[in-house]
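The values are calculated or read from the model by the stated rules, or taken from the named source; none is laboratory data. From a predicted model like this one, the values you see are computed outputs, not experimental measurements. Please note: Cβ atoms are built from the backbone with ideal geometry, for glycine as well, and neighbour counts cover all protein chains shown.
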Amino acid sequence: MWFGRKPLTLPSPAEALPGRAERPVPLSGRHAVSGRSILPPFPEGTVTIQLGMGCFWGAERLLWQLPGVWVTAVGYAGGHTPNPTYEEVCSGRTGHAEVVLVVYDPSVLEHAALLKAFFEGHDPTQGMRQGNDVGTQYRSAVYWTVEAQRIAAERLAAAYGEALARAGYGPITTEIREAGPFWYAEEDHQQYLAKRPWGYCGLGGTGVRCPMPAGVSS
């Protein structure tokens with residue numbers, strides 16, 4: 001969570017902070033709950049996706065509990081600045097969203113089922129915010145790595161958009177595009193709510209169910 005006024009438009013590559021060639025702080029590389037490595041290579045048969053649902057603390061806790069998820073990590077994606085710090089991302093001058101890297105087995109957790117949990121787990125209509133968390137880093141985002149994820153994300157977004165409209169919500173603003181680099185967040189942010197169960201969690205859905213469109217398996 002970050003307080004203060006920040007820009008609500010994304011910077012161009014020329015406007016973005018320059019970043020750095022190496023990670024600014026070391027990582028243990030171990031998931032605080034499962035003990036599995038949060039760093040590649042990941043097990044054969046798993047795939048990755050980067051999901052932005054606002055503040056990544058609560059989003060990661062939701063996602064690591066899904067059956068079929070091998071491991072999760074939090075970080076920054078969708079922007080321009082290499083190896084950014086949390087403070088730089090929160091300034092709005094990197095272009096990144098706070099995201100969760102989800103490594104999962106699609107034979108256990110199908111792409112559409114994961115994305116249904118994603119859409120229902122937050123409000124994807126709020127633009128550059130989630131609740132009281134305001135800023136470009138809190139935007140809703142799906143950064144896909146395989147074509148099946150893109151297809152499922154676009155079809156679920158269309159179906160959920162109709163359901164949300166009937167419930168009085170505005171259009172879905174989720175950014176759906178192919179994944180670029182994922183920059184790991186600092187160690188303190190990894191599995192934050194496992195380390196601090198009393199910590200801040202801004203995650204909150206709309207209460208509207210996301211329908212599964214015909215032809216998209218759950």
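Summary table
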{"quantity": "Of all residues in segment 175-206 being among the aromatic types (Phe, Trp, Tyr) and touching a strand residue (DSSP E or B) at 6+ places or on another chain (Cβ under 6 Å), the one that is surrounded by the fewest Cβ atoms within 10 Å (Cβ to Cβ)", "calculated": "184"}
{"quantity": "Strands (runs of 3 or more DSSP E) lying entirely in segment 10-105 (those with 1 or more residues that are closer than 20 Å to residue 192 by Cβ and among the acidic types (Asp, Glu))", "calculated": "97-104"}
{"quantity": "Test: residue in segment 159-174 that is touching a residue at least 60 places away in the same chain (Cβ under 8 Å) and either buried (at least 16 other Cβ atoms within 10 Å of the Cβ) or in a helix (DSSP H, G or I) (or both)", "calculated": "no"}
{"quantity": "Residue match in segment 97-120 (condition: farther than 30 Å from residue 45 by Cβ and touching a residue at least 12 places away in the same chain (Cβ under 8 Å))", "calculated": "no"}
{"quantity": "Extreme residue, farthest from residue 215 (Cα to Cα), among residues of segment 92-127 that are surrounded by fewer than 23 Cβ atoms within 10 Å (Cβ to Cβ), of a type in the set (S, T, N, Q) and touching a helix residue (DSSP H, G or I) at 6+ places or on another chain (Cβ under 9 Å)", "calculated": "126"}
{"quantity": "Pairs with Cβ under 6 Å, 6+ apart, first in segment 1-25 and at pLDDT 95 or above, second hydroxyl-bearing (Ser, Thr, Tyr) and in a loop (DSSP other than H, G, I, E, B)", "calculated": "16/81; 16/94; 17/81; 17/94; 19/81"}
